[in-house]
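The values are calculated or read from the model by the stated rules, or taken from the named source; none is laboratory data. Keep in mind the model is a prediction, meaning the values are calculated, not measured. Glycine gets a Cβ as well: all are built from the backbone with ideal geometry, and neighbour counts include every protein chain shown.
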Amino acid sequence: MGKFEHDTIVPYEQSTLGKKEQIADMFNRIALRYDFLNRFLSIGTDLYWRKKAIRELKDLRPGKLLDVATGTGDMAILMTKYLRPNEIIGIDISEGMLDVGRKKIAKLKLKTPITLYLGDSEAINFPDHTFDGVTVAFGVRNFENLEKGLGEMLRVLKPNGKLVILEFSKPKQSGFRSLYRFYLGSIAPGLVQLFSKKKAYQYLNKSVYSFPEGETFLNIMHEAGFTQTYLKPLSLGICTIYCGRKESPGFMS
């Protein structure tokens, strides 16, 4: 069991399965509708958020990238356009989501090679110092052990490599925050029920509100070993970009 409250938030509270297994099952169930629901519920804003996060890697000019919790491959696909790396690896624990992603990638006939693997964010099957950059979009809330996941991403980064995390957060402005909470807790699950499994988006609401966001999360990243950490709120705080570097030899944070 993880140290943080969100580590214990699960989609199916009556299930005897661990969080990791429940998350995989949940995403397998909604995989075919996942992209549609993302665009529908965010009115396409999720693509804008992803592009903003990807631009945090532009100055790095990365050659090899890892996208953790890649899902249907949206981040990997966008990175081919905005970063043009030599190679992108995507990992996810849901085979159903990966199947959808592989079909999207094949249809687009991308020049940058993208390979999607079944993989665990807390036991990344790559050697130390492999990637110039690592991204996670809307995935760290789903880690069963946040500290372990951050440690693994740090391990596979090259020295001076960069981690970019995109995650939901809670707006700070009180009126907008109340409206957002009502939408996330009541409106969104009702709309989702028309097309998919309501449970998945009830879990989304609970996991967003239990996640250690903002400066608290930056401190967690720093404790995990990341340096030069910073954050950028998006869309009045609905979403936040978190960034950190792997210390290079001779660099003192």
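Counting only strands (runs of 3 or more DSSP E) wholly contained in the stretch 91-198, the ones carrying 3 or more residues that are under 26 Å from THR240 (Cβ atoms) and at pLDDT 95 or above occupy 131-137, 157-168. One residue stands out among those in the stretch 44-101 that are among the hydroxyl-bearing types (Ser, Thr, Tyr) and within 15 Å of the chain's Cα centre (by Cα): the one that is nearest to LEU118 (Cα to Cα), which is SER94.
Taking the stretch 79-98 as the range and being out of contact with any helix residue (DSSP H, G or I) (no Cβ under 7 Å at 6 or more places or on another chain) and either closer than 18 Å to ASN38 by Cα or among the hydrophobic types (A, V, I, L, M, F, W, C) (or both) as the test, the residues that pass are ILE89, ILE91, LEU98.
Of the candidates ARG55, ARG84, the single residue that is in a helix (DSSP H, G or I) and exposed (fewer than 15 other Cβ atoms within 10 Å of the Cβ) is ARG55. Taking the listed residues LEU47, LEU32, the one that is outside any strand (DSSP E or B), out of contact with any Gly (no Cβ under 6 Å at 6 or more places or on another chain) and within 18 Å of GLU167 (Cβ to Cβ) is LEU47, with no other qualifying.
Residues of the stretch 87-133 that are among the hydrophobic types (A, V, I, L, M, F, W, C), touching a residue at least 40 places away in the same chain (Cβ under 8 Å), surrounded by 17 or more Cβ atoms within 10 Å (Cβ to Cβ) and under 15 Å from GLY149 (Cα atoms): ILE93, ILE124.
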